[in-house]
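The values are calculated or read from the model by the stated rules, or taken from the named source; none is laboratory data. Worth saying up front: this structure is predicted, and the values here are computed from it rather than measured. Neighbour counts are summed over all protein chains in view; Cβ atoms, including those assigned to glycine, are modelled from backbone coordinates with ideal geometry.
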Amino acid sequence: MGSAGRRRFTLSGREDQAAYWDFADYVHTHQAEVNNRVSAKGKADPVALDAMITEFGQKHSVNPEKLQACIAKQDKSAVESSMAEGKTLGVSATPTMFVNGQEIEGILTIENLRLVLDRALSEAGKD
């Protein structure tokens, strides 16, 4: 989704947490569809990104003026810092998490996440 998309995505959470998590779930489970919808010539299309976030905001009754004001005054430093940190760790996809140094890429079911965490706790002697 690119850094502009990540910034806008992060902004949606400042206005409404339910909208943020609904959007997060949608983006992670429909990555190809989202990329096709918001990309133009391999780059994120800010107009398409804003439209998508606005749709999710409307679905959750987020104040559209507040959301648009938040988008207009966005600060890209937090997202760029997070992306730089991910790059230094070798992260190339989202979602990616690390459990006791083990990189886990992609979406896990709650059952698989529990297995990963239970194994890590067992290996650490805390089961």
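Structure above, values below:
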| quantity | calculated |
| --- | --- |
| Per-region count, the range 109-127, residues charged (D, E, K, R), assigned to a helix (DSSP H, G or I) and exposed (fewer than 13 other Cβ atoms within 10 Å of the Cβ) | 4 |
| Residue match in the range 98-109 (condition: of a type in the set (Asp, Glu) and farther than 21 Å from Thr29 by Cβ) | no |
| Which numbered condition Gly106 fails, given (1) exposed (fewer than 14 other Cβ atoms within 10 Å of the Cβ); (2) free of Cβ contacts under 8 Å to residues at least 12 places away in the same chain | (2) |
| Hey, Ser61 among the hydroxyl-bearing types (Ser, Thr, Tyr) and modelled with pLDDT under 80 or not | no |
| Residue satisfying condition, being at positive phi, assigned by TED's automatic domain parsing to the domain that holds Ala18 and among the hydroxyl-bearing types (Ser, Thr, Tyr), within set Ser61, Ser39 | Ser61 |
| Residue match in the range 73-90 (condition: hydrophobic (A, V, I, L, M, F, W, C), within 21 Å of Ala19 (Cα to Cα) and at pLDDT below 85) | yes |
| Any hit, the range 79-86, residues being in contact with a Ser or Thr (Cβ under 9 Å, 6 or more places away or on another chain) and closer than 26 Å to Ala124 by Cβ | yes |
